[in-house]
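S.K.: One structure is given below, represented as structure tokens, and several questions about it will come after.
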Amino acid sequence: MTTCSAPGKVYLFGEHAVVYGEPAVPCAVERRARVTVEPREDGRVRVDAADLSLDGFTVTWGGSIDDRPDIDAPAPLVEAAMEYIEAAVRQAREAADRPDAGFDITVESAIPLGAGLGSSAAVVVAGIDAATRALGTELDPEEVARRAYEAEYEVQEGQASRADTFCSAMGGAVRVEGDDTRTIDAPPLPFVVGYDGGAGDTGELVAGVRALREEHAFAADTVETVGDLTREGERLLADADPEREPGDELLADLGELMNFNHGLLEALGVSARSLDAMVWAARDAGAAGAKLTGAGGGGCIVALDPTDETQHALGYTAECEQSFRAELATEGVRVEA
Ligand code: MEV
């Protein structure tokens, strides 16, 4: 039996724009998906995904990939998760050169599904690592990231960037621009996450931005502007001391860019009332900046605040189901004891 885990992530800057070759800076956070794999003799794959979400949104499901039973609500989310797991299985079989390998797979995750915290990337990354190791093949994290990207790309029908999967496999803060992926030394940023209890459909949201971008030159410019502010944010991070808590000035500068980034995502049609309400609650509470994270449509916002004020204020915000502080996860995919 082999268990691997991989972290979720928040986007400091650049989601959606990264799909069109602009840079993005996602940061891995300490909310992990754990995948346990046991090879089977009969070549079948059985998945037990008893908890694929945070409290209040728990999905219980157990079944076989080869023989899917009817799934109770919220079926679309679980169905989507199963597609990611299937794609991960295909990658693991190929990497280990065992096309007929069967597995019993157990998925446990503290990352809400479809909420902008990289749940699918974390499950795919941990799943590929665990399944290949269970077959006696060890991949380095870069290769796990590459294969996880292939899996996401397949499920999202060619509309995925390398950002989520690379970040989850490598951990820490990363920079992704097209095929160029690297880790960066970032200071320990004081992330606070607000979660509305809902989810967005990444494929639909990415397709919406694509359509807008094709229809209007100003939407294409908006995507490019997200790239510009991301480059500005990267310069701020590069000048910062990665060993020290960021000072007020750095937080204010990063926060200003996050606010700008949220405004542009809103203009691109991927925000939601609940996300905007949480963003404003965070700003009113004194956060240096706040924005939605991930594909949008519902799910999570991320704010920068070293104090407890933002988390406290989100706790009283009707649209916020849960708020928590998210530590930077310096470790990416790893084997669990
Ligand atoms: C989704 O977490 C992030 C998007 O930029 C899509 C992607 O990068 O694949 C919206």
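The values are calculated or read from the model by the stated rules, or taken from the named source; none is laboratory data. Computed from a prediction, not measured in an experiment: that's the story for all the values here. Because the Cβ atoms are built from the backbone with ideal geometry, glycine has one as well, and the counts that use them run over all protein chains shown. Note: accessible area is taken over every heavy atom of the protein model, side chains too, but ligands, DNA and RNA are not part of it. Shrake-Rupley method; radii C 1.70, N 1.55, O 1.52, S 1.80 Å.
S.K.: Residue pairs, Cβ under 8 Å, 6 or more apart or interchain, first in the range 133-161 and more than 26 Å from Tyr20 (Cβ to Cβ) and modelled with pLDDT of 95 or more, second assigned to a helix (DSSP H, G or I) and among the hydroxyl-bearing types (Ser, Thr, Tyr). List them.
M.R.: Here the result reads Glu138/Thr132; Leu139/Thr132, each pair linking the range 133-161 to a residue that is assigned to a helix (DSSP H, G or I) and among the hydroxyl-bearing types (Ser, Thr, Tyr).
S.K.: Looking at the range 317-335, can you tell me whether even one residue there is in the same structural domain as Ala211 (by TED's automatic domain parsing) and free of Cβ contacts under 8 Å to residues at least 40 places away in the same chain?
M.R.: No: zero hits.
S.K.: Going through Glu249, Glu256, Glu243 one at a time, which residue ends up being modelled with pLDDT under 95 and more than 22 Å from the chain's Cα centre (by Cα)?
M.R.: On inspection, the qualifying residue turns out to be Glu243.
S.K.: Let me ask something else about it. Quick check on my filter: what residues within the range 220-250 are open to solvent by 30 Å² or more (accessible area, probe 1.4 Å) and not in a helix (DSSP H, G or I)?
M.R.: Asp241, Pro242, Glu243, Arg244, Glu245, Gly247
S.K.: Is it true that Asp179 is within 16 Å of the ligand (Cβ to nearest atom) and over 26 Å from Val47 (Cβ atoms)?
M.R.: Values: within 16 Å of the ligand (Cβ to nearest atom): yes; over 26 Å from Val47 (Cβ atoms): yes.
Yes; evaluated as a whole, the condition is true for this residue.
S.K.: Pairs needed: first member in the range 253-280, farther than 24 Å from Ala207 by Cβ; second member anywhere, of a type in the set (S, T, N, Q); C-beta distance under 7 Å; at least 6 residues apart or different chains.
M.R.: Here the result reads Ala277/Thr317; Met278/Thr317, each pair linking the range 253-280 to a residue that is of a type in the set (S, T, N, Q).
S.K.: Out of curiosity, is Ala211 part of a helix (DSSP H, G or I), free of Cβ contacts under 8 Å to residues at least 24 places away in the same chain and among the small types (Gly, Ala, Ser)?
M.R.: Values: part of a helix (DSSP H, G or I): yes; free of Cβ contacts under 8 Å to residues at least 24 places away in the same chain: yes; among the small types (Gly, Ala, Ser): yes.
Criteria met by Ala211.
S.K.: Of all residues in the range 182-208 being more than 15 Å from the ligand (Cβ to nearest atom) and without any contact (Cβ under 8 Å) to a residue 60 or more places away in the chain, which is nearest to Tyr153 (Cα to Cα)?
M.R.: Among those that are more than 15 Å from the ligand (Cβ to nearest atom) and without any contact (Cβ under 8 Å) to a residue 60 or more places away in the chain, it is Arg182.
S.K.: Just a yes or no: is a residue in the range 186-198 touching a His at 6+ places or on another chain (Cβ under 6 Å) and either assigned to a helix (DSSP H, G or I) or surrounded by 15 or more Cβ atoms within 10 Å (Cβ to Cβ) (or both)? Even if it seems obvious, please write down each step before you answer.
M.R.: Initial filter on the range 186-198 (touching a His at 6+ places or on another chain (Cβ under 6 Å)): none.
Looking for residues that are touching a His at 6+ places or on another chain (Cβ under 6 Å) and either assigned to a helix (DSSP H, G or I) or surrounded by 15 or more Cβ atoms within 10 Å (Cβ to Cβ) (or both), one finds none in the range 186-198, hence no.
S.K.: Can you find a residue that is crowded, with 24+ Cβ neighbours inside 10 Å and of a type in the set (Ser, Thr, Tyr) anywhere in the range 120-127?
M.R.: Residues of the range 120-127 crowded, with 24+ Cβ neighbours inside 10 Å: 120-127.
Next, from what is left, pick out any that are of a type in the set (Ser, Thr, Tyr): 120.
Looking for residues that are crowded, with 24+ Cβ neighbours inside 10 Å and of a type in the set (Ser, Thr, Tyr), one finds at least one in the range 120-127, hence yes.
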